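The values are calculated or read from the model by the stated rules, or taken from the named source; none is laboratory data. Since this is a predicted model, take the numbers as computed values, not measurements. Positions of Cβ are backbone-derived with ideal geometry, glycine not excepted, and every protein chain shown enters the neighbour counts. Areas reflect the complete protein model, heavy atoms only, side chains present, ligands, DNA and RNA absent. Shrake-Rupley method; radii C 1.70, N 1.55, O 1.52, S 1.80 Å.
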Amino acid sequence: MRTFAPAAATGAAPTTDGPSAEGPSPAWGIRRAARLAFPQPAALAGDPVHTRRLRRYLADLLHPYGREPDPDALGPEAVSCDGQSYGEMAETLIDAIVPAGESVDLLVLAHSIPDITPGRATTTYLSHVCPGTPMAFAVSDQGAAGAFTALRLVDAYARSGGLRRALLLVVEQHSLPYHPGVPVPEVAASRGVALLFGEPLPGERAARVSRVGTHVLHPDAPGAALAAELGVLGGGPEPVTAVLGGVSTVDAVHPRPADLRFADAGQPGTGVWWELAGELAGPPAGPRRLLLADHDPGLRHLSLATVDLDGADEVPK
């Protein structure tokens, strides 16, 4: 297992068009947000050549352990399912959110449901289709916390200096053309969310990530922990909109945010991020703070992030 971390600050002089060695400029943040549903079948699901390659891949993967692939996992019914591959969703999101003529320095893909389709699962195979051939990462196997981990990675690289633009993709599939081999949550639809970070251009609102983190909760007290976190994060002067996903109870929440919403329970991976993209795409409503909170009961993770909006139609020049 290899661990990657942002390079240390080099002490280079600050720049005016991107984050400096001391960290991102005050205006650096989420420039654009997009959310897309993918109701159509994946192109790869009905490709017999791809199916043969996948069958061989699975056989080679299991052979050292004395096992064989499930003969029904790639049968005609499974292959003709209406799932979407992460690679196909990611490519569509990239086209939708990256402005023409711009490039991306860092690309992070977050997903919570396994996707072992060769050549399509991780951002390693997406950097060549993204403008700028960015450094690429994939975050998985962390449940609902995966997207928050990806956001922490984006934030850490921004603070290390030298990063101008970053793209965060959060995707989830509602069906798979194979048996994943591990329990997966039930998902209502294939959806994806894209967040483009960088220096906002004229006409773009600034949305700054002020805090992001994940905590391991005591299994008997998730509501109390959430209440404590909301009390801290909602203590500022700005109005707070809280979006909760995977949280079974908010009875203990005090003070209760005036605007409390729940993400779609059928979208455990993209739920809170889908709501965030909708908020960012809407008209400005004055300075306010968006709080995202997601609880994964299986992993006992409580993940939180705050996004501050200045409420202006355009970033001052």
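For this structure, a couple of remarks:
- Complete set of residues in the stretch 277-313 that are part of a helix (DSSP H, G or I) and crowded, with 17+ Cβ neighbours inside 10 Å: Ala277, Glu279, Leu280
- Restricted to helices (runs of 4 or more DSSP H) entirely inside the stretch 9-108, those with at least 3 residues that are out of contact with any Leu (no Cβ under 6 Å at 6 or more places or on another chain), of a type in the set (Asp, Glu) and at pLDDT 65 or above are 86-97.
- Selected residue (only one of Gly192, Gly223 is surrounded by 15 or more Cβ atoms within 10 Å (Cβ to Cβ), modelled with pLDDT of 65 or more and of a type outside the set (Phe, Trp, Tyr)): Gly192
- Long-range neighbours under 9 Å by Cβ, at least six apart or interchain, first residue open to solvent by less than 40 Å² (accessible area, probe 1.4 Å) within the stretch 260-276, second part of a helix (DSSP H, G or I) and β-branched (Val, Ile, Thr): Ala263/Val272
- Extreme residue, modelled with the highest pLDDT, among residues of the stretch 149-175 that are part of a loop (DSSP other than H, G, I, E, B) and open to solvent by 30 Å² or more (accessible area, probe 1.4 Å): Arg165
- Count of the stretch 128-148 residues, restricted to those that are open to solvent by less than 40 Å² (accessible area, probe 1.4 Å), on the phi < 0 side of the Ramachandran plot and in contact (Cβ under 8 Å) with a residue 60 or more places away in the chain, is 6.
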